[in-house]
Every structure is written in C-alpha cells, then in structure tokens.
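The values are calculated or read from the model by the stated rules, or taken from the named source; none is laboratory data. What you are looking at is a predicted structure, and each value in this text was computed from that prediction instead of being measured. Positions of Cβ are backbone-derived with ideal geometry, glycine not excepted, and every protein chain shown enters the neighbour counts. Areas reflect the complete protein model, heavy atoms only, side chains present, ligands, DNA and RNA absent. Shrake-Rupley method; radii C 1.70, N 1.55, O 1.52, S 1.80 Å.
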Amino acid sequence: MSTITPAHPGFAVAGGAPDDIFEKPDQTFPRLPAEMVERVMRYGHLETFDGGAHLYRFGERDFDFFLVLDGTVDALDNDGKGGNIVLMSYGAKQFSGELNLFSDRAALLSARTLRPTQLIRVPRASFQRMVSAEPDIGEIILRAYILRRAGMIRHAEGGTVLVGSLRSADTLRIQSFLIRNGLPHRFLDSDTTPEAISALEWFRPGEPGGLPIVIIDGKNILHCPGNAELADALGITETVDPKRIYDVAVIGAGPAGLAAAVYAASEGLDTVVVEAIAPGGQAGSSSRIENYLGFPTGISGQMLAARAQVQAQKFGARLMIARSATALDCGDLPFRLALDDGASISASSVVVASGARYRRLDLAELSRFEGQGVHYAATSLEGGLCSGSDVVVVGGGNSAGQAAVFISGKARHVHMLVRGNGLATTMSDYLVRRIENSTNITLHLRSKVTGLLGEKYLEAVRWREDEKDVVLAISNLFLMIGAEPSTEWLNGCVALDEKGFVETGHLLREEVATTPYATSIPGIFAVGDVRANSVKRVASSVGEGSVVVHAIHGWLKELAARDGQPPA
Ligand SMILES: Cc1cc2nc3c(=O)[nH]c(=O)nc-3n(C[C@H](O)[C@H](O)[C@H](O)COP(=O)(O)OP(=O)(O)OC[C@H]3O[C@@H](n4cnc5c(N)ncnc54)[C@H](O)[C@@H]3O)c2cc1C
C-alpha cells in the first residue's frame, strides 16, 4: 500500500525531511515565462490527466518531459518501506524531471498528478532537440536538474538504500560506486543505526545473503551486488545497439575520455564511452584538485567528473558504466571491442583513454586488508572513517600530498611515509608547504612499509625507517604510490613502451604519426595518462582528449573517401 505525504506546489517537502532540502528554489523549480511555454509547446502536445495518474515510474527509462499548465504533479520517492513520500511538487509553468532525462538512464523518482492536471508532454526525442535548439530554455532546465540532483544527493533521497557495515570492504565498494556515479542514496550503518535494524526486519533478507544489501525502490533487494549488477538494477548503463557502427568508441571516462566524449559528441560524432567503474577515473578519487584552470578554490574530482558527464550526455554521447573493454580486434574495420558482459561494440575509430590504476604494495597480506583499512582513494567517504584516529599515508607524489593534507583535517594525526630523502622533487611546492606547516602531519623520510597486522581489520602498520623498525596502532592506511597503465585489454594491437604505456605520435614511424595522439594503428588514438610520456595531470588529460577529436575527423574523412576501406 502506498502512503503519501503532501507537499506544496513549487517547493519540496519530503516526509520527515527539512523543507530546505533544495537550495535556490527559484532556480531548482523555475516557472517558465509565457513566451517560453509557447516555445516548449512547439516540441510537444497537450494532455489532460485526472488526479492520481502516473506520468512515469521509478526505473522506467523511456520517460518524457512534462510542463504543467494547470494542476499539480508530485515527484515521489519511496519511503524505504514500500510506500511513497512526495519529494517535489510542480505547479503551473513548472516542469518535471531530473538529470537522467538527458540520457536514457532510468528515472530516479516517479511522477504522479495530484489533481486534474493539464500538461505539455515533450517526448524524449523532441526534448533532446528542444534543449539544443532553444539554448536559453535548455540552460534553465539543465541548471534546475543539476540542483535537483544535488539536493537529492545531499539529503540522501532517490529510492536507493544501502544497508551494511562500514568495516566491510563490499559495503565500502558499493558506497563508493554510488557516490562516484552521483547516485543519491541513503546509507544505514548496521553497526550504529537503529534504522538499519528496522530496515533489515522489514525486508527480512535472511541468510545466506547477509549484508550488505541494496534496496531499490523500496521493493527489490540485491545481496552484495557487483558493480555491473548494481548499475543494471539502477538503470545507469545506457544500452547500445550491437549492429550500429559508432564513429568513435572512447575507452575510459577519466578526464581524458570525458573530454574526448564532450568534444566528439558536440561536433556531431556518434560517440560511445565505456567505463569500467565510474566517470572521473583517478581524478574522481581526489578530494580537491586545486591546479585545474578556472577553479581557484579547487574542485573535487567527483564534482568535475559529474559535470563533464552531464555535458557529454547533453551532446548525445552514450555512456556504458560498469562495463570493461576486455579485448580489441583491430585486424579489420570497423574496429570491434569486446566487453566483459559478452557484448561488443563496433566503431570506425577508438580513443584509448583507459589511464592508469593504483600500484599495490608487494606484501602477501595486503589483499586481506584492502577495503578493511587499506585505501587507494582519499575522498570524504574514506575521510569519514578516520576521524579522531592516527593514519598512515604512503607516497611522495602529489596524490599522496593531497591525501595527507585532506585526511589531516579529519584524523588525529597523519604519518606520511616516503622512501626518498625529501619531497621537493616529487611534489608540488604548495603541498610541500602545507605539509611542513601542518601540526598533525609527521613526515617519515627513508621509510618503507614492511608489514600489515590485524585479525579481520587493519590494526597496526610496521615500517622500516632509517634502519629502525617502527610499529604503530593504525586502522587506516592510504596507498598513493603511483600507477600502472591499464593497457592489457589492447591485447597487442598497438605498440606499447617497455612499461606498458601506449606509444603515440612522434615516437612512431612518420607515415602513421598524423597527430601526437596517433598510435601504431591508424584510427586508434591514445590520450591522457595511458599515453607514453604524457604529463599526467587533469588539465593535460582534458587537453589531449579535446584535441584528439580534430584528428578523428581527419581519419573519418579519409575513411569516407576510401569507402570505409582502411588506408593502404
Ligand atoms: C588521488 C589523486 C589525486 C590527483 N590530484 C591531481 C591534481 O590535483 N591535479 C592534477 O592535475 N592531477 C591530479 N591527479 C592526476 C590525475 O588525476 C590524472 O592525471 C588524470 O586523472 C588522468 O586522466 P585519464 O583520463 O588519462 O586517466 P584516468 O583518470 O586513469 O581514467 C581512466 C579511466 O579508464 C577506466 N578504464 C580503465 N581500463 C578500462 C577498460 N578496460 N574498460 C573500460 N574502462 C577502463 C578507469 O576505470 C578510469 O575511470 C591525481 C591523481 C590521483 C590518483
């Protein structure tokens, strides 16, 4: 049975939630002027509904844009117990919807008329045309949708509930997946929240599934789902047509891949992006990027990635999330990419933007503690685990420096372990100064981790420092010791350097070096950290991803001139 908590038109009142859950109500729930309403009408048609009619439901992918002319539409979230709460209400000249309308992702809320209501329905395909052809209306809608999503995330609304213990690696993995994909959700810590117990009783998950569980739309329960299973259940992976030949397939949605997607899609290329985990890549694991142009106070990697993702989808790029490229067939055109779910993608050109993944310590016991005290990212999720305790950060580069500074704001004390004699040659000056000036960061030079101790969770770390052994009670260790290229899926297609990075441009024979980003196979390009000798910064990755699109146009033109045949 459904229970409804009423809300006021034009503003949001969730059952039990404060009534300021959405900031800037004028921009979050704008009323379009009459002149804009008229223009919207050109892309849709009038419809009238009785009260209680569902316009769309949670989980539906094919939902439309609705502009209310007269009456009220409620946006409904589930209450975690099979009923509904009204999260937002729209009155005359206000529109329904949320960010997912820009992609073909599933609806995060349901929409229902409260009373007899007259609307303009703009079907999905016309909606995409409208936001490009009417940029002033598109801007109002996009801003409203970003603010609505931000409100939902801030206040943990949106139909998904995660129940588990923060001391479980799977709970952390799932929560990190939801956060990095910008998915609003409620987290109930089974160790500390009485609500978690009542949620468990309500759904009676029983054994052998156990925790963590993810409850979707108040009805469906997933027991410890893998990322791909969760992405499918939440409808965040866009579907691709296996028969279609895309102009460009981008592998990896870090800064380089997202930039390539934005520029390719905005320049009219049919673009698909495959991302193994979540948009943002390594940058998504950074709490604050301070050297990216235009953000003087810094921006979190997740925020930057979320914005870039919306931008790419706005221009029509399709994003396959939680899908990995496992092999590339470059023997013929179009290129064919095999994915880990058994699907394949055909494309006339490929952009390798698969970046690099964190390096691990060479310790036998390491895998036992990964996610149970050993972390490779320092975002607010991990920061929250460190409050009031002593923490170790390993590494002497910028990512380690950022992590130490960020975590020192949460932890009692941060011990920074560096193998070398100082930080000057490996870390940016601004970070070195912050570490030196910090009262709760201690720098341990010439130090190397030699052991991790604990039963189920990390309890202590042993390291060798200047010929002495040190053991300290530590329950959170951050490993920031560099990264290795993610190139195994290229299965020998393109030339790699001795460390496994993709060789490009000037390193290759002159006749294939049409651009600095051309690989040894014409039509396959590499950008960002995965490229041999790249600078390995957010800005340079974004720059390379943007610029490579020019070369792709040239390649596609050449292909068209040769009627799809590869150049001799
Ligand atoms: C903690 C941290 C902090 C940092 N801070 C800064 C900073 O402040 N300023 C700065 O300029 N730089 C910073 N960097 C470096 C910066 O983040 C990287 O240079 C940048 O992210 C590289 O972008 P990229 O797109 O080339 O690769 P990545 O960011 O590595 O992204 C690659 C993406 O490809 C995906 N992928 C890999 N293999 C596959 C596959 N087979 N199929 C599908 N997808 C795949 C990965 O999941 C990943 O999302 C930081 C890095 C870290 C780790």
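Tell me the carbon and sulfur percent of the accessible area for segment 415-495, rounded to whole percent, probe radius 1.4 Å.
So the carbon and sulfur contribution to the accessible surface is 48 percent.
Accessible area of SER534, 1.4 Å probe, to the nearest 10 Å²?
Estimated to the nearest 10 Å², SER534 gives 20 Å².
Rank these residues by their accessible area, most exposed first, probe 1.4 Å: THR192, THR271.
Listed by decreasing accessible area, they come as THR192, THR271.
Please check which bits of segment 416-454 a label hung off VAL471 would reach, taking the label as a point 7 Å along Cα-to-C-beta and the cut-off as backbone N under 18 Å.
448-454, by backbone N distance to the label point.
Only bridges with both residues in the chain count here: give the DSSP antiparallel percent, nearest 5.
The answer is about 60 percent antiparallel.
Please give the solvent-accessible surface of VAL547 in Å², to the nearest 10, using a probe radius of 1.4 Å with every protein chain present.
Counting only protein heavy atoms, VAL547 exposes about 80 Å² to solvent.
Mind putting a number on the dipole of the chain about its Cα centre? Charges go on the C-beta only, +1 for Lys and Arg and -1 for Asp and Glu, and I need it in Debye to the nearest 20. Intermediate values should be presented prior to the final figure.
Details: 54 positive and 65 negative charges, 122 e Å.
Dipole size: approximately 580 debye.
For SER367, SER89, SER165, what's the largest-to-smallest order of accessible area, 1.4 Å probe?
Details: SER367 75, SER89 0, SER165 20 Å².
Result of the area sort, largest leading: SER367, SER165, SER89.
When all alpha-carbon pairs of the chain are counted, what percent fall beyond 41 Å? Present the calculation step by step, with values, prior to reporting the outcome.
On the way: 46119 of 161028 pairs.
It works out to 29 percent of all Cα pairs.
Return the FRET efficiency for the residue pair ARG360, LYS557: r is the Cβ-Cβ distance, R0 is 30 Å, and the value is rounded to the nearest 0.05.
The formula returns an efficiency of 0.10 here.
So with the 1.4 Å probe, I'd like the accessible area per residue for the chain, rounded to whole Å².
Roughly 43 Å² per residue, with all protein chains present.
Could you give the length gained on full extension between THR450 and ILE245, defined as 0.36 nm per residue of separation minus the Cα-Cα distance, in nm? Walk me through the numbers before you get to the answer.
Numbers: separation 205, 0.36 × 205 = 73.80 nm, distance 5.09 nm.
Here the answer is 68.7 nm.
What percentage of the solvent-accessible surface of segment 50-166, computed with a 1.4 Å probe over protein heavy atoms, is contributed by carbon and sulfur atoms? Walk me through the numbers on the way to the answer.
Values: 1790 of 3560 Å².
Here it works out to 50 percent.
Excluding residues fewer than 8 places away in the same chain, name every one of the aspartates and glutamates whose C-alpha is closer than 13 Å to that of LYS219.
Counting by Cα, and skipping residues close in sequence, LYS219 has these aspartates and glutamates nearby: ASP77, ASP79.
Extending each Cα 7 Å along its Cβ direction at GLU229 and ARG42, get the distance between those two points in nm, one decimal.
So the label points at GLU229 and ARG42 sit 5.0 nm apart.
Could you please state, rounded to a whole Å, how far the C-alpha centre of segment 289-326 is from the C-alpha centre of segment 367-387?
So the two Cα centres are separated by 23 Å.
Points 7 angstrom from Cα along the Cβ direction at SER165 and VAL535: gap in nanometres?
Those two pseudo-labels are separated by 4.7 nm.
Please identify the trypsin sites (Lys or Arg not before Pro) of segment 438-473 that satisfy two criteria: DSSP loop assignment and at most 15 other Cβ atoms within 10 Å. Which are they?
Sites meeting the loop and neighbour criteria: ARG446, LYS456.
What order do CYS493, CYS386, CYS224 take when sorted by accessible area (1.4 Å probe), most exposed first?
Putting CYS493, CYS386, CYS224 in descending order of accessible area: CYS224, CYS493, CYS386.
Mind checking which lysines have their C-alpha under 25 Å from LYS536, skipping anything on the same chain fewer than 8 residues away?
Reachable lysines: LYS448, LYS499.
I need to check one value: relative contact order of segment 437-568, counting alpha carbon pairs closer than 8 Å and at least 6 residues apart, in percent. Could the numbers behind the result be given before it?
Working: 162 pairs, mean separation 15.5, N = 132.
Contact order relative to length: 12 percent.
Sort segment 273-318 into rounded, prolate or oblate with this rule: let a ≥ b ≥ c be the square roots of the eigenvalues of the Cα gyration tensor; rounded if a/c is under 1.5, and if a/c is not under 1.5, prolate when a/b is larger than b/c, oblate otherwise. Don't jump to the answer; show the numbers that get you there.
On the way: a/c = 3.28, a/b = 1.56, b/c = 2.10.
Oblate, since a/c reaches 1.5 and b/c is not below a/b.
What is the dipole size for segment 412-531, taken about its Cα centre, with +1 at each Lys and Arg Cβ and -1 at each Asp and Glu Cβ, in debye to the nearest 20? Working shown, then result.
Numbers: 13 positive and 16 negative charges, 106 e Å.
Rounded to the nearest 20 debye, it is 500 debye.
For the chain, which cysteines have no second Cys with its Cβ under 4.7 Å from theirs?
CYS224, CYS386
Taking the Cα-to-Cβ direction at THR515 and at ASN437 and moving 7 Å from each Cα, how far apart do the two end points lie in nm?
Roughly 4.2 nm, to one decimal.
Specify whether the C-alpha gyration tensor of segment 226-376 places it in the rounded, prolate or oblate class, a ≥ b ≥ c being the square roots of the eigenvalues: rounded for a/c under 1.5, otherwise prolate if a/b is larger than b/c and oblate if not. Walk me through the intermediate numbers first.
Details: a/c = 1.90, a/b = 1.26, b/c = 1.51.
Since a/c reaches 1.5 but b/c is at least a/b, the shape of segment 226-376 is classed as oblate.
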